[in-house]
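One structure below.
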Amino acid sequence: MPELVAPALGTIQETRDRVRHAYGSAIGRDRHDLITPALILDLPVARRNITKMADRLKSMPARLRPHIKVHKSPELARMQVDAGAIGISTATVWEAIVMVRSGLDSIFVVNTVAGREKLAALAAIARDAEVMVAVDDAKNAAEIAAAARAAGSTIGVLIEVDTGMDRAGVDTPEQAVELARRVATMDGIELLGVTGYEGHCSLTPERELRSQRQKAAMSMLVDSAERIRAAGLPSPIVSAGGTATWDWTATTPGITEIQAGSYAVMDNFHAPMAGDFEKAITVLSTVISRPPDRVIVDAGNKSLGAPALTTIRGHDLPGMRFDEEHGLFIAGASSPLHVGDVVELVPGYAPGTVNWYDAYHVVDGDRVVDIWPVIPRGPGHGGLIA
């Protein structure tokens, strides 16, 4: 087994223990009495978001396989599964390893994966859990199959279709059928369907135009699945859907599951497009300088994802600039903020924010009630699990 794979659940628990040892003195303290910058997770808010999504999907034909690249937390992933999710989505093999070692099952690596060690690791965890991966290349599929055979496992495969994002994926339904034919002949992998992320739609703030692009994207994806079935091949899974389009995609005929993830914690990028999900994460920061025309805090672009979209909770101050360790906001003399004051910053983009931190300071109300590790950050040979 490659060294990339953590040896057991014990390693995950050891990581939790190490994070609590490093940050545990914060437990019991007020949320505004922490060393800054600090990543705060409002647990009741996250629970409400997770419950809200689960309840809404009960009346829709698609199921939920939430993407954990956003929060990178086994605890939040477990909450999502306990609320009814059929499994989870990850962006990397490293994330998938951590989720499996945390006791979770039915993992979909929503990405194409190449490289001998990563494929060996993927095949190894497929012995312990149901694991799927996206493919858009026959040679890569053959390499995945070979890794699975060597490990004595079977890996599920979904043909990735480029639905308009101009990233990975085959370009046409005809190409999807041809690749499906080749995949279906390979021992070690099992053809399970198609996947296509309409992420380009989330870059379209105008609702009507976003809806048009979502419909076109899903029409192509569903057509690919139907053509694969017409060729006598299986396609039971049709997987798509992000937070910006989740409701449209979940009600699109032919879509079986959605991969929305940002809804659980929310951020300023997704909030205008995602309805009434609440913002569950903030970054606690301290005012470190107060010139006459601005407020400067100790959280810059090394502490926040999409910093230009970051706002200060409770203060309507336009962002001015973000350097590595400085966040600058425009503020005149009327602003009540002074050097030493602490503020909570609502991040522009949650996935790019969480990735900077070792741990969540989990709060209930104004009190820190726990410390949760942000485990799956490294590429598999670093991070908190060595």
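Worth pointing out:
- The residue of the range 106-118 that is farthest from Glu257 (Cα to Cα), among those that are modelled with pLDDT of 95 or more and touching an Asp or Glu at 6+ places or on another chain (Cβ under 9 Å), is Ala114.
- Residue list for the range 223-251, restricted to those being among the acidic types (Asp, Glu) and modelled with pLDDT of 95 or more: Asp223, Glu226
- Assessment of the range 9-25 against the conditions (at pLDDT 95 or above and crowded, with 16+ Cβ neighbours inside 10 Å) yields at least one matching residue.
- Yes/no for Thr51 being over 30 Å from His326 (Cβ atoms), crowded, with 22+ Cβ neighbours inside 10 Å and hydroxyl-bearing (Ser, Thr, Tyr): no
- Options Glu75, Glu130; residue that is in contact with a strand residue (DSSP E or B) (Cβ under 6 Å, 6 or more places away or on another chain), open to solvent by 10 Å² or more (accessible area, probe 1.4 Å) and closer than 28 Å to Asp55 by Cα: Glu75
- Selected residue (only one of Arg321, Arg313 is over 18 Å from Met266 (Cα atoms) and among the charged types (D, E, K, R)): Arg321
- Where Ser89 falls short, out of the listed (1) out of contact with any strand residue (DSSP E or B) (no Cβ under 8 Å at 6 or more places or on another chain); (2) crowded, with 21+ Cβ neighbours inside 10 Å; (3) of a type in the set (Gly, Ala, Ser); (4) modelled with pLDDT of 95 or more: (1)
- Check on Asp223, among the acidic types (Asp, Glu), more than 21 Å from Ala168 (Cα to Cα) and surrounded by fewer than 24 Cβ atoms within 10 Å (Cβ to Cβ): no
- Among the candidates Gly103, Gly115, residue that is touching a Leu at 6+ places or on another chain (Cβ under 7 Å) and open to solvent by 10 Å² or more (accessible area, probe 1.4 Å): Gly103
- Looking at Ala306, Ala331, Ala359, just one residue is in contact with a helix residue (DSSP H, G or I) (Cβ under 9 Å, 6 or more places away or on another chain), among the aliphatic types (A, V, I, L, M) and buried (at least 22 other Cβ atoms within 10 Å of the Cβ), and that residue is Ala359.
The values are calculated or read from the model by the stated rules, or taken from the named source; none is laboratory data. These numbers were taken from a predicted model, which means no experiment stands behind them. Positions of Cβ are backbone-derived with ideal geometry, glycine not excepted, and every protein chain shown enters the neighbour counts. Note: areas computed on protein heavy atoms with side chains; ligands, DNA, RNA excluded. Shrake-Rupley method; radii C 1.70, N 1.55, O 1.52, S 1.80 Å.
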